[in-house]
Amino acid sequence: MWSEAEQRELEEILKKYPTKRSALLPALYLAQREKNWLDDEDMEAVAEALDVPITDVHAVVGFYTLFRREPTGKHMIHVCTDLPCALRGAEEFYLRLTERLGLPPEGGTTEDGLFTLEAVPCLAACDKAPMCQIDLQYYENLTDETIDTVLAQLRAEAQQETKA
Ligand code: FES
């Protein structure tokens, strides 16, 4: 399942960690990068490469919202709607965003396959709501205008990649 480039990248990752097992998160993130989600084969490949039981890999993938077990859009948008953020308007912010992206209130993937939106529990930036995490990056103190600017930038980057 690993491409040659990914093999090399995995070897570089492993050099940075004291044990193979401690590289589990970055190895999973690498395995997920190509298609944005992890199937059984991906998780088995990580377990084998790191000499970790497959049950441990499943446990980690199930715990972290950054890992996905189903196909998603190119960019994953997690909006925290937990209580402290809700008190700062995060639920309304999230619902307005679903509408602008043409999604139902429970979120989902945009028609163009570019974004998957999900409401999630606390992301540890409670005083900076409304906030969201897009892929690995946090965006805080958001307004409808600022998130739209971020999404427009990601759309433009995707168009550039398509042309290249
Ligand atoms: S409650 Fe939203 S980041 Fe903590």
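Going by the structure shown, is residue 71 within 16 Å of the chain's Cα centre (by Cα) and within 22 Å of residue 6 (Cβ to Cβ)? Reasoning before the result, please.
Numbers: within 16 Å of the chain's Cα centre (by Cα): yes; within 22 Å of residue 6 (Cβ to Cβ): yes.
When the stated conditions are applied, residue 71 passes them.
Which pairs have Cβ atoms under 9 Å, sit 6 or more apart or on different chains, and link a residue in segment 16-31 that is outside the structural domain of residue 49 (by TED's automatic domain parsing) and of a type in the set (S, T, N, Q) to one that is assigned to a helix (DSSP H, G or I) and surrounded by 15 or more Cβ atoms within 10 Å (Cβ to Cβ)?
Once the first residue is outside the structural domain of residue 49 (by TED's automatic domain parsing) and of a type in the set (S, T, N, Q) and sits in segment 16-31, no partner that is assigned to a helix (DSSP H, G or I) and surrounded by 15 or more Cβ atoms within 10 Å (Cβ to Cβ) comes close enough.
Can you confirm whether segment 63-76 contains a residue that is among the hydrophobic types (A, V, I, L, M, F, W, C), farther than 21 Å from residue 156 by Cα and more than 16 Å from the ligand (Cβ to nearest atom)? Before the answer, list the steps.
Pass one, segment 63-76, residues among the hydrophobic types (A, V, I, L, M, F, W, C): 63, 66-67, 76.
From the residues that got through so far, the ones that are farther than 21 Å from residue 156 by Cα too are 63, 66-67.
Pick out the ones that are also more than 16 Å from the ligand (Cβ to nearest atom) and you get 63, 67.
There is at least one residue in segment 63-76 that is among the hydrophobic types (A, V, I, L, M, F, W, C), farther than 21 Å from residue 156 by Cα and more than 16 Å from the ligand (Cβ to nearest atom).
Could you go through segment 108-118 and let me know if any residue there is within 14 Å of the ligand (Cβ to nearest atom) and either of a type in the set (Asp, Glu) or touching a Phe, Trp or Tyr at 6+ places or on another chain (Cβ under 9 Å) (or both). Give the derivation first.
In the first step, residues of segment 108-118 are kept if they are within 14 Å of the ligand (Cβ to nearest atom); the result is 118.
After this cut, where a residue has to be either of a type in the set (Asp, Glu) or touching a Phe, Trp or Tyr at 6+ places or on another chain (Cβ under 9 Å) (or both) as well, the list is 118.
Checked against the condition, which is being within 14 Å of the ligand (Cβ to nearest atom) and either of a type in the set (Asp, Glu) or touching a Phe, Trp or Tyr at 6+ places or on another chain (Cβ under 9 Å) (or both), segment 108-118 yields at least one hit.
Can you tell me which residues in segment 4-58 are closer than 27 Å to residue 109 by Cβ, open to solvent by less than 50 Å² (accessible area, probe 1.4 Å) and of a type outside the set (A, V, I, L, M)?
6, 26, 32, 36, 39, 42
The values are calculated or read from the model by the stated rules, or taken from the named source; none is laboratory data. Here the structure is a predicted model, which is why all the values come from computation and not from measurement. Here Cβ is always computed from backbone atoms with ideal geometry, including for glycine, and neighbour counts include all displayed protein chains. The protein model used for the area step is the full one, side chains on, heavy atoms only, and it has no ligands, DNA or RNA in it. Shrake-Rupley method; radii C 1.70, N 1.55, O 1.52, S 1.80 Å.
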